[in-house]
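Okay, structure first, notes after.
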Amino acid sequence: MALTQSDIDLEINDLQNAYDKAVAGGAPVLNHPSRDYAPYRSSVLRHPKQPLVAVNGGDPETVELSGPVFGVTDITEIDNNLTIQHQGEPLGERITVRGRLLDSGGRPVRGQLVEIWQANASGRYAHLRDQHPAPLDPNFTGVGRTLTDDQGRYIFTTIKPGAYPWRNHTNAWRPAHIHFSVFGTAFTQRLITQMYFPGDPLFPYDPILRSVTDQAARDRLVATYNHDLSQPEFSLGYEWDIVLDGPSATWIEEGR
Amino acid sequence: MSETLLPTPSHTVGPFYGYALPFPDGEQIAPAGHPDTITLHGYVLDGEGKPIPDALLEFWQAAPDGSLRGAPGSLRRDPVTGGHLGRNGTDFTGFGRVPTDADGHYALRTLPPGNAGLPYLSVCVFARGLLHHLFTRAYLADGADTLLDALPAERRATLIAAEGPGRTYRFDIRLQGEGETVFLEFQ
């Protein structure tokens, strides 16, 4: 029998209540989703059952404490403007998304690669596997790249993506989001995540967002509308800072 | 150092990264035609042993001389067309990115890492269905090693790539179940 939204809601609520109760009882706050989160059905066979094995990051020769570097050869100057990659203008609500890439000490991550991808304004991805009946936009692919500046800042001009259906259960819809891929100074800090837009009514129904069971952590995935960043008769502005965790060689050097 | 900011949560890479993250020569860390080139390859498998056709693997490693500085140019671009030029043929960036094919297979061509101790590549696994990436290591040799020595024999074996003919190394990644790969967390 096909799973309904109510079936998934029950599972989501059970796991939410269990988490809230555990934290109230003194269990640690979880900043990341559990890899084992059954309401997102694709996770069931794709998460390890053995506990992760800890690697002590105190050894500076640990390869993962350093990481890949990128430079001006790896991007072009217009990669961070997703609205000028084709002959015409894409359809949709033009937006600016900007923010800072920081480590958990609040230090800017400079000169690192930020990559984004997203659906078009109709909620359709430029991908063969997305065949749902919404139009492709010949003037929008939905891929952007940039390097953070010397204060860790990034900025993209794009259009607001639409919500789209998926087949986790009957009538499943993903809230509008932009996928982000970012690197820190250490490979341990690697992060792929999704940025959401404030006030989206689909938040409570989405098992992917709800896989982050901590409300404060979920809130950190939602951008802030910033009217000062909006440009008259041109675009709306959103702000979203990204904070990386994981040890890095920089920390070890500073700790000595 | 005191931590002041809480991290941005991870999310799955989802099914649609294929037109955004992979890039030409992502699997060619070794400069083209380099005589020391090795091939690391294998399958990414789920809890039923089925191949995962929508996983994305990233690799980070020391250069043959042991350097961990890396170099820009993994996804060198053409400023004229916006396309990709491929790597420059001399610099060793230490970074590779490879999506699995429709059969769940990947292949990476690189040079042997010169890190201290046993040579290994750091592997970061992303996939649809995987809510938070996973780290593992592909060791190209067995021997004394702090991490390996702390593992039971059958788990240890999941981190050792098997040397095959023609400078190939086979390294399968099992996300779950029998022979589940050892995944790591860094503290």
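The values are calculated or read from the model by the stated rules, or taken from the named source; none is laboratory data. On a predicted model such as this, the values are computed, not experimentally measured, just so you know. Glycine also receives a Cβ, built like all others from the backbone with ideal geometry; neighbour counts cover every protein chain displayed.
Out of the strands (runs of 3 or more DSSP E) lying entirely within the stretch A:162-213, which hold 3 or more residues that are within 11 Å of another protein chain (Cβ to nearest Cβ) and of a type outside the set (A, V, I, L, M)?
Because the criterion is at least 3 residues that are within 11 Å of another protein chain (Cβ to nearest Cβ) and of a type outside the set (A, V, I, L, M), the strands (runs of 3 or more DSSP E) in the stretch A:162-213 that meet it are A:177-182, A:191-196.
Starting from the stretch A:177-203, keep only residues that are free of Cβ contacts under 8 Å to residues at least 24 places away in the same chain, then list their pairs with residues that are assigned to a strand (DSSP E or B) and among the aliphatic types (A, V, I, L, M) whose Cβ atoms are within a distance under 8 Å, requiring at least 6 positions of separation or different chains.
A:ILE192/A:VAL182
What tally of residues in the stretch A:137-172 results from selecting those that are among the aromatic types (Phe, Trp, Tyr) and over 18 Å from A:ILE242 (Cβ atoms)?
Residues flagged as among the aromatic types (Phe, Trp, Tyr) and over 18 Å from A:ILE242 (Cβ atoms) within the stretch A:137-172 amount to 3.
What number goes with the only condition from (1) farther than 24 Å from A:ILE75 by Cα; (2) surrounded by 15 or more Cβ atoms within 10 Å (Cβ to Cβ) that B:ALA153 does not pass?
(2)
Pull up the stretch A:74-83, narrow it to residues that are in contact (Cβ under 8 Å) with a residue 40 or more places away in the chain and either within 12 Å of another protein chain (Cβ to nearest Cβ) or out of contact with any strand residue (DSSP E or B) (no Cβ under 6 Å at 6 or more places or on another chain) (or both), then point me to the one that is farthest from A:LYS160 (Cα to Cα).
Once the filter is applied, the top-ranked residue is A:ASP74.
Could you please find all residues in the stretch B:1-45 being of a type in the set (Ser, Thr, Tyr) and either assigned to a loop (DSSP other than H, G, I, E, B) or surrounded by 16 or more Cβ atoms within 10 Å (Cβ to Cβ) (or both)?
Selection gives B:SER2, B:THR4, B:THR8, B:SER10, B:THR12, B:TYR17, B:THR37, B:THR39, B:TYR43.
Please go through the stretch B:64-83 and pick out each residue that is over 21 Å from the mean Cα position of the chain (by Cα) and more than 7 Å from chain A (Cβ to nearest Cβ).
Correct list: B:ASP78, B:VAL80, B:THR81, B:GLY83.
Of the residues that sit in the stretch B:105-136 and are away from chain A (no Cβ under 12 Å) and assigned to a loop (DSSP other than H, G, I, E, B), which one is nearest to B:ALA30 (Cα to Cα)? Break it down stepwise before answering.
Quick first cut of the stretch B:105-136, residues away from chain A (no Cβ under 12 Å) only: B:105-112.
Still in the list and also assigned to a loop (DSSP other than H, G, I, E, B): B:111-112.
Working: B:LEU111: 5, B:PRO112: 9 Å.
Looking at residues that are away from chain A (no Cβ under 12 Å) and assigned to a loop (DSSP other than H, G, I, E, B), I get B:LEU111.
Can you confirm whether the stretch A:19-36 contains a residue that is of a type in the set (S, T, N, Q), within 12 Å of another protein chain (Cβ to nearest Cβ) and farther than 28 Å from A:THR148 by Cα?
yes
Residues of the stretch A:43-68 being of a type in the set (A, V, I, L, M, F, W, C), farther than 20 Å from B:ALA116 by Cβ and within 7 Å of chain B (Cβ to nearest Cβ), which ones?
Selection gives A:LEU45, A:LEU52.
Please enumerate the residues belonging to the stretch A:113-132 that are hydrophobic (A, V, I, L, M, F, W, C), within 11 Å of another protein chain (Cβ to nearest Cβ) and part of a strand (DSSP E or B). Step through it out loud before you land on a result.
Residues of the stretch A:113-132 hydrophobic (A, V, I, L, M, F, W, C): A:113-114, A:116-117, A:119, A:121, A:126, A:128.
Checking the rest, the ones that are also within 11 Å of another protein chain (Cβ to nearest Cβ) come to A:113, A:116-117, A:119, A:126, A:128.
Correct list: A:LEU113, A:ILE116, A:TRP117.
Any residue in the stretch B:172-187 that's facing another protein chain (nearest Cβ under 7 Å): show its pairings with residues that are small (Gly, Ala, Ser) and surrounded by fewer than 18 Cβ atoms within 10 Å (Cβ to Cβ) at Cβ separation under 8 Å, as long as the two are six or more apart or on different chains.
B:LEU175/B:GLY47; B:GLN176/B:GLY47; B:LEU184/A:ALA54; B:GLU185/A:ALA54; B:PHE186/A:ALA54; B:GLN187/A:ALA54
Could you list all residues from the stretch A:24-43 that are over 30 Å from A:LEU65 (Cβ atoms), out of contact with any Asp or Glu (no Cβ under 7 Å at 6 or more places or on another chain) and surrounded by 15 or more Cβ atoms within 10 Å (Cβ to Cβ)?
A:TYR40, A:ARG41, A:SER42
Hey, any hits in the stretch A:98-112 for a residue that's away from chain B (no Cβ under 11 Å), closer than 25 Å to A:LEU209 by Cα and either surrounded by fewer than 22 Cβ atoms within 10 Å (Cβ to Cβ) or at pLDDT 95 or above (or both)?
yes
Restricting to the stretch B:87-110, name every residue that is surrounded by 15 or more Cβ atoms within 10 Å (Cβ to Cβ) and more than 18 Å from the chain's Cα centre (by Cα).
Matches in the stretch B:87-110: B:ASP91 only.
Can B:GLU154 be described as free of Cβ contacts under 8 Å to residues at least 60 places away in the same chain, over 13 Å from the mean Cα position of the chain (by Cα), more than 7 Å from chain A (Cβ to nearest Cβ) and part of a strand (DSSP E or B)?
The answer is no for B:GLU154.
For the stretch A:224-249, how many residues meet the condition of being in contact with a helix residue (DSSP H, G or I) (Cβ under 9 Å, 6 or more places away or on another chain), within 14 Å of chain B (Cβ to nearest Cβ) and on the phi < 0 side of the Ramachandran plot?
6
Could you pull out the residue among A:PHE140, A:PHE156 that is among the hydrophobic types (A, V, I, L, M, F, W, C), under 30 Å from A:GLU89 (Cβ atoms) and assigned to a strand (DSSP E or B)?
Answer to the selection: A:PHE156.
Look through A:ALA18, A:ALA2 and report the one residue that is outside any helix (DSSP H, G or I) and small (Gly, Ala, Ser). Even if it seems obvious, please write down each step before you answer.
Numbers: A:ALA18 fails: outside any helix (DSSP H, G or I).
The conditions single out A:ALA2.
When the stretch B:38-74 is examined, which residues are found to be more than 22 Å from A:THR73 (Cβ to Cβ) and of a type in the set (S, T, N, Q)?
Answer for the stretch B:38-74, where residues must be more than 22 Å from A:THR73 (Cβ to Cβ) and of a type in the set (S, T, N, Q): just B:THR39.
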